[in-house]
Amino acid sequence: MPQKKTSPHNKRSITLLCKVVDNFGDIGVVYRLANALSESSEFSLRLVVSDLSSFSKIAPKIDAQKDFQTLNGYQIFRWTADTLCLQEFQKNPPDIIIECFQCGRPEWLEHLLFDVKFPHITHIIMLDYLTAENYAEDFHLLPSITRSARVKKVNFMPGFTKKTGGLILDIIFYEHAKIQYDEGGSLPPSRSPSVCSIPPSSGRLCLPQRPPVLFFSYEKNLLPAVRALKNYNLSCANGNLSVLLANGAGFASFKNAYTKEKYESGKEPFSLTELPFLPQEEWDCILYHSQILFIRGEDSLSRACLSGTPFVWNAYPQSDDYQLVKVNALLEKLHPFFDENLFAIIKKCWNLYNETDFSLSQSASLENEKNVEEAITDFLFNCEKMQDGFKNFSKSLVKNGDLTHNLMTFILKNTTIVEKS
């Protein structure tokens, strides 16, 4: 996107709000978006984050003890640093506030925005959760009322179609895409690619030469997944399968299942490497280097969808198995890129993997475990045949455009600059 020269006094001031709920999924998206927005000369940028400890896990330069700091040219404030934040935001009011994932606003900001003595006009953009459900198109760019004419609000929906805001196509993605989707410059040139700075084997990690399986899940019964990976290792990987286990909620569940299977069979079911918490850039490169992905969390899901790599998604568990609605909505977006036999395998695997854990009776639990194991095994055994389908799906997402570019375009067209003295 062309960049116009602006002075510090007529830049639009953007404030990103993030209340961390899912440890890394939400802050991962916000951090990625902040880095992309900070490349534009049109905006000054601030982040207000509730959990700096989680933030520091994916951005090691963050000091979790500081109420205020700068990173990559933008400012970061602690959500609960009321006095400091109120003073700073009174001096430099936000033109645009991006509320990420229905996080609401800190009390100090709520007080500032709706103070009748505060005449500043503020635009609030509600950046919602990523979903493949049809309502994403209906809600995208839909205005919403507030209790003040000075505070204007609109919804902005990430998504998988041209009628949504799309996905973030950032610098590391472009470098990967440059290799995987070399189609004569068809990628949108909103930002220049740069070489991925984290090689597949970094100084901290010794990764296998053969592309590994990356495993990242919520806490659940993962014994069927471990056994399926063992089956794949014995039948398709010639005993050379390497699995990278990501830190997070499902880490202990996977380790316990792995230890149980190792004890019962008397040998390791496959090679296992436990990953430490990684900077986002390094995580991205490992994800793009992997041959098969088991993914959870919004940010990693978006990277998996763009990677062109076969993946299994673990949706966030919800009451009444509502996560299956979200799973099947994404499956509908995948469906056109696969023949019916392959799609049936993907659909069965994803649905069984995402059902609520098996805990009714011992016999029902054992039967369910076997069903899930067979479904994941079938998926793994057919991954090579699925590669073109996943690759073509990711190409379709690129054609929807870059969420950051779409968001900046919307802001520039629909907000006015408030001159700052």
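For region 68-185, just say rounded, prolate or oblate: build the C-alpha gyration tensor, square-root its eigenvalues into a ≥ b ≥ c, call rounded for a/c under 1.5, and beyond that prolate if a/b exceeds b/c, oblate if not.
On the way: a/c = 2.83, a/b = 1.56, b/c = 1.82.
It is oblate, given that a/c is not under 1.5 and a/b is not larger than b/c.
Here K326 is the anchor, and the lysines within straight C-alpha reach of less than 16 Å, apart from those fewer than 8 places off in the same chain, are K347, K348.
Counting only heavy atoms of the protein chains, get the accessible area per residue of the chain (1.4 Å probe) and round it to a whole Å² value.
Numbers: 18770 Å² over 421 residues.
With all protein chains present, the chain gives 45 Å² per residue.
So what's the angle, to the nearest 10 degrees on a 0 to 90 scale, between helix 171-180 and the longest Cα principal axis of the chain? Between helix and principal axis, roughly 40 degrees. Label positions at F118 and A252, each projected 7 Å from the Cα along the C-beta direction, are separated by 4.2 nm. Listed by chain and number, the lysines whose C-alpha is less than 29 Å from the C-alpha of K66, apart from same-chain residues fewer than 8 away, are K11, K19, K57, K91, K420.
Multiplying the sequence separation of K61 and K391 by 0.36 nm and subtracting their Cα-Cα distance, what value in nm do you get? Please list the in-between numbers first.
Numbers: separation 330, 0.36 × 330 = 118.80 nm, distance 3.40 nm.
Once the chain is fully extended between K61 and K391, it gains 115.4 nm.
When the surface is traced with a 1.4 Å probe over the full set of protein chains, C236 keeps roughly 60 Å² accessible. Between helix 362-381 and the chain there is an angle of about 80 degrees, using the helix long axis and the longest principal axis of the Cα atoms. Between K399 and Q102, the contour length at 0.36 nm per residue exceeds the alpha carbon distance by 104.2 nm. The distance from the alpha carbon centre of region 279-342 to that of region 70-134 is 30 Å, rounded to a whole number.
Label separation (H111 vs E274): 4.5 nm, computed from points 7 Å beyond Cα along the C-beta direction. Angle of helix 403-414 to the longest C-alpha principal axis of the chain, folded into 0 to 90 degrees and rounded to 10: 20°. Say a site is exposed when it is one of the GluC sites (Glu not before Pro), sits in a DSSP loop, and has at most 13 other Cβ atoms within 10 Å; what is then the longest site-free stretch of the chain? Excluding the exposed sites themselves, the longest stretch runs over 184-418. Kindly identify region 21-94 as rounded, prolate or oblate by the Cα gyration tensor criterion: order the square roots of the eigenvalues as a ≥ b ≥ c, call it rounded if a/c is under 1.5, otherwise compare a/b with b/c, prolate if a/b is larger, else oblate. Verdict is oblate for region 21-94.
Dipole magnitude for the chain: computed about the Cα centre from +1 point charges on Lys and Arg Cβ and -1 point charges on Asp and Glu Cβ, it is near 1140 debye.
Determine the gain in length on full extension of the stretch K163-N72; use 0.36 nm per residue of separation and subtract their C-alpha separation, reporting nm with one decimal.
Working: separation 91, 0.36 × 91 = 32.76 nm, distance 3.13 nm.
Net length gain for the segment: 29.6 nm.
The values are calculated or read from the model by the stated rules, or taken from the named source; none is laboratory data. Bear in mind the structure is a predicted one, so any value in this text is a computation, not a measurement. As a convention, Cβ positions derive from the backbone with ideal geometry for all residues, glycine included, and neighbour counts pool all protein chains shown. When the accessible area is computed, the model is the full protein with side chains, heavy atoms only, and any ligands, DNA or RNA have been set aside. Shrake-Rupley method; radii C 1.70, N 1.55, O 1.52, S 1.80 Å.
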